[in-house]
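Enquirer: Please find one structure pasted underneath; my questions will follow.
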Amino acid sequence: MIKRKNIIKIAIDSPAGAGAGTLGKALSKHYNLFYLDTGKIYRFIAYLNLRYPKKFNYQFIKYKIKSLKVKDLANKTLLTNEVGIKASVISKKKKIRKIVHLFQINFAYNPPNKYKGSCLDGRDITYNIVPDADFKFFITANLKTRALRRYKELKTINNKITYYEVLKSIKIRDKNDYNRKIAPLKKTKDSLLINTTNLNKRACFLKIKKIIDRKLNN
Ligand code: C5P
């Protein structure tokens, strides 16, 4: 695999709804980094499982991931609650994580030349995918805040959804993600903990920008 030299790499891990995606996007735009929401890949595989239950096997997943383009991940069908829960189930499987691994590594270490680097967010990015990242963050917020944020987002694509449904699904996913044997969600010692419960998007971005700029300008 080709690794580009002298690029900036940002790794973010977080539970669902903590604001990692929003932050990752804002940082990527500001620092001109190639951004990947890695959860979307697991969601894509979960979607394949729901859509093609009979065809669904490792060969099929490999084939689909090979031709996967970043823009395919913007598909709205990947955002649903159902797909999210399924993603947290299929992502426990070692073989599936292995297939996704290569896609992520390529993305992180070999972003297109027009970018200055990469920014990935997920559950195992800081210690499994980009362990040598220049900046590592663990973004969190309390359960109710995270559920409310996700609820507001999901409401725009499904007006029947209730807050309690979303709360329940976030609890299930937290349990799955923190407790699984392979690549569980955890904060590494070298990641900076940011609690966004009482921080709005802008405040969160500015707080992290300050930290990054301090190191970059040194
Ligand atoms: O981030 P998002 O909520 O879209 O992720 C969906 C699911 O994908 C998570 O609940 C988690 O189980 C899985 N995931 C993972 N590793 C990552 C990113 C997401 O296992 N790096």
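Enquirer: Give the residues of the range 12-26 that are at negative phi, open to solvent by 10 Å² or more (accessible area, probe 1.4 Å) and of a type outside the set (A, V, I, L, M, F, W, C), sorted by residue number.
Expert: Gly21, Thr22, Lys25
Enquirer: Sticking with this one: Among the candidates Lys29, Lys62, single out the residue that is more than 16 Å from the chain's Cα centre (by Cα), within 29 Å of Asn200 (Cβ to Cβ), surrounded by fewer than 20 Cβ atoms within 10 Å (Cβ to Cβ) and more than 10 Å from the ligand (Cβ to nearest atom).
Expert: Lys29
Enquirer: Out of curiosity, is Val100 in contact with a helix residue (DSSP H, G or I) (Cβ under 9 Å, 6 or more places away or on another chain), among the hydrophobic types (A, V, I, L, M, F, W, C) and near the ligand (Cβ under 9 Å from one of its atoms)?
Expert: So Val100 passes the test.
Enquirer: Out of all the residues in the range 32-52, which are open to solvent by 60 Å² or more (accessible area, probe 1.4 Å) and either in a helix (DSSP H, G or I) or in contact with a His (Cβ under 9 Å, 6 or more places away or on another chain) (or both)?
Expert: Answer for the range 32-52, where residues must be open to solvent by 60 Å² or more (accessible area, probe 1.4 Å) and either in a helix (DSSP H, G or I) or in contact with a His (Cβ under 9 Å, 6 or more places away or on another chain) (or both): Tyr47, Leu50, Arg51.
Enquirer: Would you point out the residue of the range 100-119, among those that are touching a Leu at 6+ places or on another chain (Cβ under 9 Å) and under 17 Å from Asn6 (Cα atoms), that is most open to solvent (accessible area, probe 1.4 Å)?
Expert: If we take residues in the range 100-119 being touching a Leu at 6+ places or on another chain (Cβ under 9 Å) and under 17 Å from Asn6 (Cα atoms), then Lys116 is most open to solvent (accessible area, probe 1.4 Å).
Enquirer: Going by what's in this entry, would Phe205 be described as in contact with a helix residue (DSSP H, G or I) (Cβ under 7 Å, 6 or more places away or on another chain), of a type in the set (Phe, Trp, Tyr) and not in a loop (DSSP other than H, G, I, E, B)?
Expert: Judged against the criteria, Phe205 is a match.
Enquirer: Okay, moving on. Sort out which residues of the range 135-177 are away from the ligand (no atom under 13 Å from the Cβ), among the charged types (D, E, K, R) and open to solvent by less than 60 Å² (accessible area, probe 1.4 Å), and write them in order of number.
Expert: Within the range 135-177, Lys136 is the sole residue that qualifies.
Enquirer: So the check is Cβ under 6 Å with 6+ separation or different chains; which pairs have a first residue in the range 204-216 that's within 18 Å of Lys116 (Cα to Cα) and a second one that's open to solvent by less than 40 Å² (accessible area, probe 1.4 Å)?
Expert: Pairs that qualify, where the first residue is within 18 Å of Lys116 (Cα to Cα) and the partner is open to solvent by less than 40 Å² (accessible area, probe 1.4 Å), are Ile212/Phe135.
Enquirer: Out of Ile12, Ile85, Ile2, I need the residue that is within 14 Å of the ligand (Cβ to nearest atom), out of contact with any Gly (no Cβ under 6 Å at 6 or more places or on another chain) and either farther than 27 Å from Arg149 by Cα or aliphatic (A, V, I, L, M) (or both). Which one?
Expert: Testing whether each residue is within 14 Å of the ligand (Cβ to nearest atom), out of contact with any Gly (no Cβ under 6 Å at 6 or more places or on another chain) and either farther than 27 Å from Arg149 by Cα or aliphatic (A, V, I, L, M) (or both) leaves just Ile85.
Enquirer: Same structure again: Leu185 - would you say it is within 14 Å of the ligand (Cβ to nearest atom), in a loop (DSSP other than H, G, I, E, B) and surrounded by 13 or more Cβ atoms within 10 Å (Cβ to Cβ)?
Expert: So Leu185 passes the test.
Enquirer: List every residue pair whose Cβ atoms lie under 8 Å apart, where the two residues are 6 or more positions apart in sequence or sit on different chains, the first residue falls within the range 166-180 and is touching a residue at least 60 places away in the same chain (Cβ under 8 Å), and the second residue, located anywhere, is open to solvent by 20 Å² or more (accessible area, probe 1.4 Å) and among the β-branched types (Val, Ile, Thr).
Expert: Every condition considered, the pairs that remain are Ser169/Ile85; Ile172/Ile85; Arg173/Ile85; Asn176/Val89.
The values are calculated or read from the model by the stated rules, or taken from the named source; none is laboratory data. Note that the structure is predicted; figures quoted are calculated from it, not measured. Cβ atoms come from the backbone with ideal geometry, glycine included; neighbour counts cover every protein chain shown. These accessible areas exclude ligands, DNA and RNA; they are computed on the full protein's heavy atoms, side chains included. Shrake-Rupley method; radii C 1.70, N 1.55, O 1.52, S 1.80 Å.
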